[in-house]
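Input: a single structure, listed below in structure tokens.
Rule-based calculations on the coordinates, nothing more; no lab input. Treat the numbers as computed from the prediction; the structure is a model and nothing was measured. Positions of Cβ are backbone-derived with ideal geometry, glycine not excepted, and every protein chain shown enters the neighbour counts.
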Amino acid sequence: MNTTHTVFPQPPEWPAEGNSRIPFWAYTRDDLHRKELDRLFYNGHWCYVGLEAEIPQPGDFRRTVIGERSVIMVRDTDGSINVVENLCAHRGLRFCRERHGKRKDFFCPYHQWNYSLKGDLQGVPFRRGVKQDGKDNGGMPKDFKLEDHGLTRLKVATRGGVVFASFDHEVESLEDFLGPTILFYFDRVFNGRKLKVLGYRRQRIPGNWKLMQENIKDPYHPGLLHTWFSTFGLWRADNKSELKMDAHFRHAAMISTRGQGGKNEDVVGGVDSFKEAMQVNDPRLLDIVPEPWWGGPTAVMTTIFPSVIIQQQVNSVSTRHIQPNGHGSFDFVWTHFGFEDDSPEMEQRRLIQANLFGPAGFVSADDGEVIEWSQEGFEQKPAHRSVIEMGGHDIGDTDHMVTETLIRGMYAYWRKVMGE
Amino acid sequence: MIDFKTYFELLNLYSDYAMVCDSAEWEKWPEFFIEDGCYRLQPRENHDSGLPLCLLALESKAMIRDRVYGVKETMYHDPYYQRHVVGTPRVISVARDLYGERIVSEANYVVIRTKLDGESTVYNAGYYHDEIVRTPEGLKLRSRLCVYDTEMIANSIIYPI
């Protein structure tokens, strides 16, 4: 009889407690990761690809990613937007190497196959062979049809200047996918005003991609991990707040209104990150000016499963794109933007508040760090599990943030789709 | 251009800055800047496309001090060593105006990161684009723009580049 104690799960079973436990093997297995790519990123879901403002003119393109598949978002000659897979129909090359640019058509340099902006194959060299000494050498067979060999074309949906795409042409509408609750918070940011891209930030986080969704479905940590949030009241347990989900519990909005900050013994007593005497030397870092479109809340963090997070934290707005690479790593790409009707002062304010966010941000740098440490723990002891019991065992919307209900909701959905 | 004495001072500014960043004496970092000096750390893709967003945009010496407080007191992060290798500065222009002598210069840099249980890896590679002015305390940065090629940040950047 084998009585050797093991930290490796054999066979892996979901803990009996249900959604208030997450087994570490959910983050460490390559087979599950491939299943996630198939079931979450490549089928049944809309994934974020970019902003219309990134490709304003016909021929403008931007290379981006869905799951681990490289795709190209391009503005067609009629002004519509196409998304095609960056993979030559001939020999499979990821042919588009520039990150962005302007093109009349696409071509793969290897054998010069040429595609329209819709992804249709337009021509292949030597299709009819090459005439030499009065005879035709080679060429494609007579039954070779250009229309059988286009680039993989994705279904595309745009709303409020944001572009989503899906490899799955049977996917429900974007509006149904988001559901009315999340759609309301989506439209709050993307209400038809023209967006202005301010720039990009990229980081490679050595952790499973789901940890980033969980991080932004976890309102328990910000007032604890992040000094700036606890000390200045930007996000903490005594703020007026709400948590809302779609009917499937896959997407969520964390909605909060800034409090006064300062010392509230219940909330910051014994909290290491709280710095009672802290003041900023340069007040511009916290020069927050409420905007009419906020409609009350000072921060709404929206997680759209599986691919993107929409950030509105005071005057800083961004999309944060999740691009997995293997079970233990993902690239996190931040696109900060403003609106074309912003005053120069508002644009400058957004840029300065951006110091709080991103891979070096006063707040967000810590999130990447703790995700890395989580993954290290998971790899060390994959038969173990995390405890997601704050706020109880149930899943539901709340009018406070002292709960991990959104994470439980995400795993209820994940288990259903993944069959785990 | 500039005389050798001034160039020698310039070399000292670059090497002293690197030494402070690598020796974890964070309080000394703001002192390389004048009061309205600024420090910007910007990915090359934004810089080359004319997009204004930086990874960090610290618009005054006061804001640079806020960053020092963040590094020392508020940001939870994996401890690491860093080591700057800075190339010889290239003087682009020297002007004498209302504010006195103003040097615009650039230098390539590589920053190597070493975590406590890991190997040394190239962490951030780029160039400094600097505006330097003469003050009674010697040459100081009016602005330091670090344009980095390493657009995919290895998780996070905490310490000054």
Practice prompt. Please give every one of the aspartates and glutamates within straight-line cross-link reach of A:Lys145, meaning a C-alpha to C-alpha distance under 12 Å, and leave out same-chain neighbours fewer than 8 residues apart.
Written response: A:Asp120
Item to complete: Would you mind checking which residues have amide H under 5 Å from A:Phe339's amide H? H placed 1.01 Å from N; only 5 or more apart, or other chain.
Response: A:Lys196
Discussion item. What does the net charge come to around A:Glu379 if you take all other residues with beta carbon closer than 13 Å to its beta carbon, with K and R at +1 and D and E at -1?
Written reply: -1
Discussion item. Quick test of your reading: applying the under-4.7 Å Cβ rule, which cysteines of chain A are isolated?
Written reply: A:Cys47, A:Cys96
Discussion item. Of B:Leu145, A:Met212, A:Thr77, which is farthest towards the positive pole of the protein assembly as shown's charge dipole, taken about the Cα centre with +1 and -1 on the beta-carbons of Lys, Arg and Asp, Glu respectively?
Written reply: A:Thr77
Discussion item. Let me confirm one metric for peptide A:201-212, namely the mean number of other chain beta-carbon atoms within 10 Å of its residues' beta-carbons.
Written reply: 3
Item to complete: Would you please give the residues with an amide H less than 5 Å from that of A:Ile388, counting only those at least 5 places away or on a separate chain, with H modeled from the backbone geometry?
Response: A:Arg21, A:Ile22
Worksheet item: Whole-Hz Karplus ³J(HN,Hα) for segment A:301-310, in order, using 6.51 cos²θ - 1.76 cosθ + 1.60 and θ = phi - 60°, x for Gly and Pro?
Response: 10, 10, 9, 10, 7, x, 9, 8, 10, 9
Worksheet item: For the cross-link pairs A:Lys35/B:Lys72; A:Lys35/A:Lys217; B:Lys5/B:Lys72; A:Lys155/A:Lys240; A:Lys194/B:Lys72, which exceed 31 Å when the distance is taken from alpha carbon to alpha carbon?
Response: A:Lys35/B:Lys72; B:Lys5/B:Lys72; A:Lys155/A:Lys240; A:Lys194/B:Lys72
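Counting only other residues whose beta carbon sits under 13 Å from that of A:Gly269, what net charge do I get with K and R as +1, D and E as -1?
Cβ neighbours under 13 Å give a net charge of -3.
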Item to complete: On a 0 to 90° scale, report how tilted helix A:344-353 is relative to the longest principal axis of chain A, with both axes built from alpha carbons and the result rounded to the nearest 10.
Response: 70
Worksheet item: Once phi is turned into θ = phi - 60°, what whole-Hz ³J(HN,Hα) does the Karplus curve with 6.51, -1.76 and 1.60 give for every residue of segment A:123-130, x standing for Gly and Pro?
Response: x, 10, x, 6, 4, 9, x, 10
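All other residues with a Cβ under 12 Å from the Cβ of B:Lys140 taken together, and with Lys, Arg as +1 and Asp, Glu as -1, what is their net charge?
Numbers: positive: B:Lys61, B:Arg102, B:Arg134, B:Arg142, B:Arg144; negative: B:Glu9, B:Asp16, B:Glu31, B:Glu35, B:Asp36, B:Glu101, B:Asp130, B:Glu131, B:Glu137.
With Lys, Arg at +1 and Asp, Glu at -1, the neighbours total -4.
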Worksheet entry | Exposure proxy ranking, count of Cβ atoms within 10 Å, fewest first, for B:Ile103, B:Ile158 | B:Ile158, B:Ile103
Discussion item. From the helices alone, meaning DSSP H stretches of at least four residues, give me the mean residue ellipticity at 222 nm for the protein assembly as shown, per-run term -39500 (n - 2.57), in deg cm²/dmol to the nearest 500.
Written reply: -6000 deg cm²/dmol
